[in-house]
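Single-structure report; data block below.
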Amino acid sequence: MTEMNMIQALNSAIDDRLSNDENVVVFGEDVGFFGGVFRVTDGLQKKHGAHRVFDAPLAEGGFAAMAFGMGINGLRPVMEIQFADYIFPAYDQIVNEMAKVRHRSGGEFTCPVTVRTPAGGGIRGGHHHSQSPEAQFTHTPGLKVVYCSTPRNAKGLLTSAVECNDPVIFFEPKRCYRGPFYGDPHNVPTWKGHPDAEVPEGHYSIPLEEANLVMEGNDCTVIAWGTMVHVCKQAIEDSGVSCDLLDLQTLVPWDRDAVVNSAKKTGRVVVVHEAPKTSGFGGEMVASIQERCFYHLEAPIERVTGWDTPFPHTTEWDYMPSPVRITEAIRRTQEV
Amino acid sequence: MTEMNMIQALNSAIDDRLSNDENVVVFGEDVGFFGGVFRVTDGLQKKHGAHRVFDAPLAEGGFAAMAFGMGINGLRPVMEIQFADYIFPAYDQIVNEMAKVRHRSGGEFTCPVTVRTPAGGGIRGGHHHSQSPEAQFTHTPGLKVVYCSTPRNAKGLLTSAVECNDPVIFFEPKRCYRGPFYGDPHNVPTWKGHPDAEVPEGHYSIPLEEANLVMEGNDCTVIAWGTMVHVCKQAIEDSGVSCDLLDLQTLVPWDRDAVVNSAKKTGRVVVVHEAPKTSGFGGEMVASIQERCFYHLEAPIERVTGWDTPFPHTTEWDYMPSPVRITEAIRRTQEV
Amino acid sequence: MVDERELETASPFSVGKPPARPDQEPGFAAWPWSPTDLTRPDPTTCKSEDTDAHAHGLVRVLGDDDLADGEWNPSLDDETLLEGLGWMLRLRIFDERMMKMQRTGKLSFYMRSFGEECIAIAQTMALETQDWIFPTYRQPGAQFVRGRSMISMINHCIGNIEDNVKGRQMPVHYTWKEGRFISVSSPVGTQFSQAVGVAMASAYKGLDEATITWIGDGASAEGDYHYAINFASTFKPPVILCVVNNQWAISTHANLATGGRNFAARGLPYGIPCLRVDGNDFLALYSATKWARERISAGLGPTHMEIYTYRAGAHSSSDDPSVYRHAEEFKFWPGGDPIERLKNHCIKKGIWSEDKHEKLAELLDEEVMAAYKEAVKFGDLANGPYPPASTIFTEVYEEVPWHIQEQREELGK
Amino acid sequence: MVDERELETASPFSVGKPPARPDQEPGFAAWPWSPTDLTRPDPTTCKSEDTDAHAHGLVRVLGDDDLADGEWNPSLDDETLLEGLGWMLRLRIFDERMMKMQRTGKLSFYMRSFGEECIAIAQTMALETQDWIFPTYRQPGAQFVRGRSMISMINHCIGNIEDNVKGRQMPVHYTWKEGRFISVSSPVGTQFSQAVGVAMASAYKGLDEATITWIGDGASAEGDYHYAINFASTFKPPVILCVVNNQWAISTHANLATGGRNFAARGLPYGIPCLRVDGNDFLALYSATKWARERISAGLGPTHMEIYTYRAGAHSSSDDPSVYRHAEEFKFWPGGDPIERLKNHCIKKGIWSEDKHEKLAELLDEEVMAAYKEAVKFGDLANGPYPPASTIFTEVYEEVPWHIQEQREELGK
Ligand SMILES: Cc1ncc(C[n+]2csc(CCOP(=O)(O)OP(=O)(O)O)c2C)c(N)n1
Ligand SMILES: Cc1ncc(C[n+]2csc(CCOP(=O)(O)OP(=O)(O)O)c2C)c(N)n1
Ligand SMILES: [Mg+2]
Ligand SMILES: [Mg+2]
């Protein structure tokens, strides 16, 4: 075990895969010599060589296509989209091509690509450096969708993503790269001393099907992913309500048993995400839970999400779900 | 009133807009001389001229960008994506650009673009001529999302879409272009004699906020859009259950009062769509209804949807929600 | 700039026009190019800028007299010539049969290679067997050259229980990994940029493998075209990038989709050697492809090619071109018919005759019919049996996840 | 093809290298181009193919001796020269102040035009006031020329209650419709293809309006670049398409992002006239832009330009280029500093002096400080006040729909 921040943990996962699987190649804008604008691939080109870790031309659709081609010809590309907001030029290659090639080819061609991308708000990024577009991928069969939240699960999940023989869209909560975020922009802790900053060296993986039970309680189930896991932790403490906090980790396929069992136990559920409410993955969670746990529910399932507006710049703290909003939602579930 | 099929009704709406608003321009692949592969723009180039109705180069992202530029410079472009499956190369221009430009520019620039696109299955189109990607747009604030189902609402809604000062994604159920579809591929009626094939001539609009109550009943609310409206009608008849059938028509913003009132009245809801289940717009419907009508619900809200797989070719009738599956879902809601 | 395309007048911006609309007679200019125009630069030293003339002229071998001439003549032996002719004729007959079957509902849809049979066949013959083919829907002929059984191809088209892609894709969307023929995808253009990645992987693994890919004149307007050219320019992988300029994209003539003078030269500013090749000339295509392959063997990376041809038939079984172009336009096209041209060449060489040709056509027709009869035994789209509904749920992921398993159980088939 | 870029060795595919990494001295070759190299073709008759030399050479007016020479000399009057110099100096000083303020948290982020001040300023001066400017984040200078108040610009950057985009976008993402300066968007490249649409609308309306737009060497790899070139080629709208080749895209040198010899020539195969222009030469840029504008007035449509320059500073306030390039690389760059070059020219012309220059700099510094002090009265990012939270919910649509209204009430602000 070594203490790492999330950037180091991601770096460690990629380093391990590069070291132990010669088919792994890493590319994206500025990921080569420079090591990425968030430094996730720092030092990897020097260590593994310029044909294994390299800068791609500034064309997300272009290097997604390159990844596709490499993937069907036996490599295991790990590509970085510099900000999740810039994944959309590659959307066609991801949803029409990567996601479907195994099926469309009768299993003859497969595409084991990992698409890593920093997502979410909290860094004053405004419209186009803050979005969290996971729902736009969870709706596409053929893709696995992962959202890490701590150094530990960042490493474990990324290792599994790279090892997975299906395309994986891997979201990294950029606000948590250097420390957890509890919803107070004036409180900027690092990962130092955080139990989830203890990360195994070498190969370490977490299956792409398990939620993580972050807190255990009896009266409400809070479901979140990414940065919101930490904000929810704070909110649960503030609320004084005994809650299960489930960090979903993998959104497709999500952990049915963990979610259903907790919802049945508590009968009250709050789902929290940064992305806009309408058609967010929270909608899927709510719909699935009410389908499966209808007779156990004691109160309407609550969603606390970003608003149905573009992500703002100066007023971002009024946009992102805050501990206050989440606390209120938890309390509302207890009122009935 | 004239009897029209859906193609003629759409043509009539565009013709009216071209005739009465000189800022309207129409383009897309093969829409000019040829009049579109589905013939929706047939005759319009001849009537209105080659600078008002013209073929665009085969680049959905390129002519979406062109539409954006024309839109912010005072025109009112109506662009066609030949199949909804091919909207993804334009996804960035639509979700990052068109959807946000009014907000990002403090209201100084607006983008009154209509993106028309034939969507959905039932024509043996396989993976890439059958998708129904509405949910991927309902999650993007700034876009209105519309799905017509009959000649009559096709004309009324398209007129409103073109007149709307916000970007509108307008889905046309290609299976219903020439006739309704009741779920039996061996029964191929035309629109002839159908009451909703009676379409007003000249200007005719339906507000982009109203659902259409297609059938009225007491015991279950069935919510659908596009082709599924007709399949649901059949299923409701087959079920023998007294149902409200709501054709949502506009998905963003959806008709809150119609949905909530019906759900409260019946206490039982089935939502039906062709797109895959996970993170489909059905999830949003279920989540919103349980938030707003929790104490009125007598049974779990059911979703009947396409499977979480790519759209198949030979087995498409096992993919699309069938009257049988919908009937079973309606009946399940009555069992409790 | 004065636009040299014919334009719609009275338009505030340029709107191009095709050579002719249905009621007009197509007035194609005679070709100014002859087989002796162009040198054949040494492929192992040639630079992009040495191909200016080749990008702006036309690489031909078969002259208007059907004789082979010029530096690009690959001097093929008789056997190879007749093999190529045979595959082309076989493809045309195959296409005709499939089209008929489509009309009877045995398959949902079809796309012919009519007028373009030469392309994939000559080019695949010029490549090595380990090379990757990344086609569009108009290069099925490569599979003949690589030895795919016709029955297996028909099984796919009619979507029966033996279809190797399990009825999941529309007809003509072949996949055949054994023959290194990569899965055809409907979104046009995507294969072009992906092929660069396939070639990068071959280079990465240090293998002597080339990848060839094609894109239409229409689809070259997609971003994928630009990605392919620029990524090939940047990384110089062993890829052959071919724009098939058959002049039409469904109803849209290339004049309406670009104002450029040609497609071939687009690679020059990217430092890629460029050739413009007569797409109905078996020998020219064979030779140009060999040249590009020699560059790859020498470690020099990509070649960009425009294949200048003409879409002789309808876009697909859903299309009726007489609505938007002269019904007989192909007859006016100066590039001729690729099969006729190679046939005449072989006859002039004394290795073939009209009689032999007719006999071959009959044999091939029988072969196709026999294959067809064999294939329909496993079902067809009109009558089934189809691949079981359970195939909807498999191979979406490597393993079936719980939610798809639940859905499969819900369907109960 | 032998690759003329420097390449990483021992790589199975080509991986380019920049001129120098931090520990190496940049060895830029001296420029072979001089102001008298190139003719200035008549803009009202010139065709794309007449610009081959202009696409491969470099349009210069200011020689190494800082004197104006050659056919491209626009022979500007003294007033215009000094006006341009003044705007450039003002922009540099403005940028420096903003950068300092960024370090204190008054704004979240900043991007300078350092070394590229010439571009938007010279080009906007050469255009008509009714022409549309569709910029990236490195052309804010156009707003000076069009007369936007500096206070209004600062209000945007510090996101205060007077920000005309209501704190919604990051700093430097200016919008100013009154000045026909179209909203800057973060996704790079999108404006390039959109600008074609803006120009199409002008043509459609029959107005004498041009649209100018820019894209970076990096962003030119996006599909939007290709769309823009091809759509401009097809429809020939009144658009000026400029690739700003400042050699770097954050840490990625153009050598790593394309293998091509230059950017300018990419428009030639599309039938668009192409110019490669010295981006640090006020007179050359002014002149080239006027030339393109004359073509537009004559109804001839698009021009494609490569603006050859150098990103002198960091990519943005978040960037430290000394990690990936020689810290002083700009000093080695043969193209010099655009302000120095125009200053020297004016001094040599006898209309300017070092002393006047220093005095002007002082005045401008005071102007910037005064504007800044005025702006912060309306708030700044560090201390507020900010635009009210209600601005999150407005202008998403023309009218606030019920679901957004509900959310606004939920937030209760
Ligand atoms: C991305 C995308 N957009 C549109 C289509 C519909 N479509 C299929 S083929 C075609 C025309 C293609 O023309 P071209 O590229 O010239 O190829 P050709 O058919 O001439 O071989 C179009 C528009 C598609 N398949 N994919
Ligand atoms: C679509 C997209 N991808 C990535 C980014 C992140 N990004 C911002 S600027 C930049 C480099 C741009 O370089 P260039 O186009 O050369 O412009 P320059 O900064 O040199 O003016 C990158 C990668 C972005 N803003 N948009
Ligand atoms: Mg074509
Ligand atoms: Mg740059």
Filter the range D:277-335 down to residues that are over 30 Å from C:S11 (Cβ atoms), among the aliphatic types (A, V, I, L, M) and more than 14 Å from the chain's Cα centre (by Cα), then give me how many there are. 5
Looking only at residues that are small (G, A, S) and without any contact (Cβ under 8 Å) to a residue 60 or more places away in the chain in the range C:181-201, which one is farthest from the other protein chains (Cβ to nearest Cβ)? C:G189
Looking at (1) in contact with a His (Cβ under 9 Å, 6 or more places away or on another chain); (2) within 20 Å of D:I133 (Cα to Cα); (3) within 16 Å of ligand 1 (Cβ to nearest atom), find the lone condition where D:G223 falls short. (2)
Restricting the range B:156-188 to residues that are part of a loop (DSSP other than H, G, I, E, B) and among the acidic types (D, E), the residue that is farthest from B:E198 (Cα to Cα): B:D166
Run down C:G271, C:G313, C:G267, C:G279 and say which single residue is in contact with a Lys or Arg (Cβ under 8 Å, 6 or more places away or on another chain) and surrounded by 24 or more Cβ atoms within 10 Å (Cβ to Cβ). C:G271
Given (1) within 20 Å of the chain's Cα centre (by Cα); (2) away from ligand 4 (no atom under 16 Å from the Cβ); (3) aliphatic (A, V, I, L, M), where does A:M66 come up short, assuming only one miss? (1)
Among the residues in the range B:126-145, are any without any contact (Cβ under 8 Å) to a residue 40 or more places away in the chain, in a helix (DSSP H, G or I), buried (at least 24 other Cβ atoms within 10 Å of the Cβ) and not assigned by TED's automatic domain parsing to the domain that holds B:F311? no
Please go through the range C:221-231 and give me each residue that is within 20 Å of the chain's Cα centre (by Cα) and in contact (Cβ under 8 Å) with a residue 40 or more places away in the chain, ordered by number. C:I229
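Here are some residues: D:T289, D:T252. Which one is of a type in the set (V, I, T) and within 16 Å of ligand 4 (Cβ to nearest atom)? Quick ask: steps written out before the conclusion?
Numbers: D:T289 fails: within 16 Å of ligand 4 (Cβ to nearest atom).
Exactly one of D:T289, D:T252 is of a type in the set (V, I, T) and within 16 Å of ligand 4 (Cβ to nearest atom), namely D:T252.
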Is it the case that B:R116 is in a strand (DSSP E or B) and either surrounded by 24 or more Cβ atoms within 10 Å (Cβ to Cβ) or at pLDDT 95 or above (or both)? yes
Among the residues listed as C:G267, C:G301, C:G260, the single one being assigned to a loop (DSSP other than H, G, I, E, B), touching a residue at least 40 places away in the same chain (Cβ under 8 Å) and under 23 Å from C:Y227 (Cβ atoms): C:G301
Looking at this structure, is D:F231 touching a Phe, Trp or Tyr at 6+ places or on another chain (Cβ under 6 Å), within 19 Å of D:G271 (Cβ to Cβ), within 11 Å of chain C (Cβ to nearest Cβ) and at pLDDT 95 or above? no
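Does D:S322 meet the test of being part of a helix (DSSP H, G or I) and crowded, with 24+ Cβ neighbours inside 10 Å? Spell out the reasoning first.
Numbers: part of a helix (DSSP H, G or I): yes; crowded, with 24+ Cβ neighbours inside 10 Å: no.
Judged against the criteria, D:S322 is not a match.
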Looking at the range D:202-210, is at least one residue within 12 Å of chain C (Cβ to nearest Cβ), in contact (Cβ under 8 Å) with a residue 40 or more places away in the chain and either within 16 Å of ligand 1 (Cβ to nearest atom) or under 27 Å from B:Y91 (Cα atoms) (or both)? yes
Does the range C:325-359 hold any residues that are part of a helix (DSSP H, G or I), at pLDDT 95 or above and among the acidic types (D, E), and which are they? C:E340, C:E354, C:D355, C:E358
How many residues are away from ligand 4 (no atom under 15 Å from the Cβ) and buried (at least 24 other Cβ atoms within 10 Å of the Cβ) if we restrict to the range D:186-202? 11
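crowded, with 24+ Cβ neighbours inside 10 Å, within 18 Å of the chain's Cα centre (by Cα) and more than 16 Å from ligand 2 (Cβ to nearest atom): is that true of D:V172 in this structure? Full working, then the answer.
Values: crowded, with 24+ Cβ neighbours inside 10 Å: yes; within 18 Å of the chain's Cα centre (by Cα): yes; more than 16 Å from ligand 2 (Cβ to nearest atom): no.
The answer is no for D:V172.
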Out of curiosity, is C:E178 in a helix (DSSP H, G or I), surrounded by fewer than 24 Cβ atoms within 10 Å (Cβ to Cβ) and at the interface with chain A (Cβ under 9 Å from one of its Cβ atoms)? yes
I'd like to check which helices (runs of 4 or more DSSP H) are fully inside the range A:233-336 and have at least 3 residues that are more than 16 Å from D:Q407 (Cα to Cα) and more than 10 Å from every other protein chain (Cβ to nearest Cβ). A:256-266, A:323-334
Just for the range D:244-253: of the residues that are β-branched (V, I, T) and facing another protein chain (nearest Cβ under 7 Å), which one is farthest from ligand 2 (Cβ to nearest atom)? D:T252
Condition check: within 24 Å of C:F114 (Cβ to Cβ) and out of contact with any strand residue (DSSP E or B) (no Cβ under 9 Å at 6 or more places or on another chain). Does C:L85 satisfy that? yes
Looking at the range C:254-267, is at least one residue more than 8 Å from every other protein chain (Cβ to nearest Cβ) and within 9 Å of ligand 3 (Cβ to nearest atom)? yes
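Taking the range D:28-38, which residues are surrounded by 13 or more Cβ atoms within 10 Å (Cβ to Cβ) and not small (G, A, S)? Step through it out loud before you land on a result.
To start, the set of residues in the range D:28-38 that are surrounded by 13 or more Cβ atoms within 10 Å (Cβ to Cβ) comprises D:28, D:31, D:33-38.
Selection gives D:F28, D:W31, D:W33, D:P35, D:T36, D:D37, D:L38.
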Please work out which one of (1) surrounded by fewer than 20 Cβ atoms within 10 Å (Cβ to Cβ); (2) under 22 Å from D:G259 (Cα atoms) is the condition D:M99 fails and give its number. (2)
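Given the criteria in a helix (DSSP H, G or I) and either touching a Ser or Thr at 6+ places or on another chain (Cβ under 7 Å) or within 16 Å of ligand 4 (Cβ to nearest atom) (or both), does C:D208 qualify? If you could, list the steps in order and put the result at the bottom.
Details: in a helix (DSSP H, G or I): no; either touching a Ser or Thr at 6+ places or on another chain (Cβ under 7 Å) or within 16 Å of ligand 4 (Cβ to nearest atom) (or both): yes.
No: the conditions fail for C:D208.
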Kindly evaluate C:E4 against the criterion of being touching a His at 6+ places or on another chain (Cβ under 7 Å), at pLDDT below 95, of a type in the set (D, E, K, R) and part of a loop (DSSP other than H, G, I, E, B). no
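Can you confirm whether D:K236 is over 22 Å from the mean Cα position of the chain (by Cα), away from ligand 1 (no atom under 16 Å from the Cβ) and surrounded by 24 or more Cβ atoms within 10 Å (Cβ to Cβ)?
On the way: over 22 Å from the mean Cα position of the chain (by Cα): yes; away from ligand 1 (no atom under 16 Å from the Cβ): yes; surrounded by 24 or more Cβ atoms within 10 Å (Cβ to Cβ): yes.
Criteria met by D:K236.
The values are calculated or read from the model by the stated rules, or taken from the named source; none is laboratory data. As the structure is a computational prediction, the values presented were derived from the model and not from experiment. Methodologically, a virtual Cβ is constructed for each residue, glycine included, from the backbone with ideal geometry; neighbour enumeration extends over all protein chains shown.
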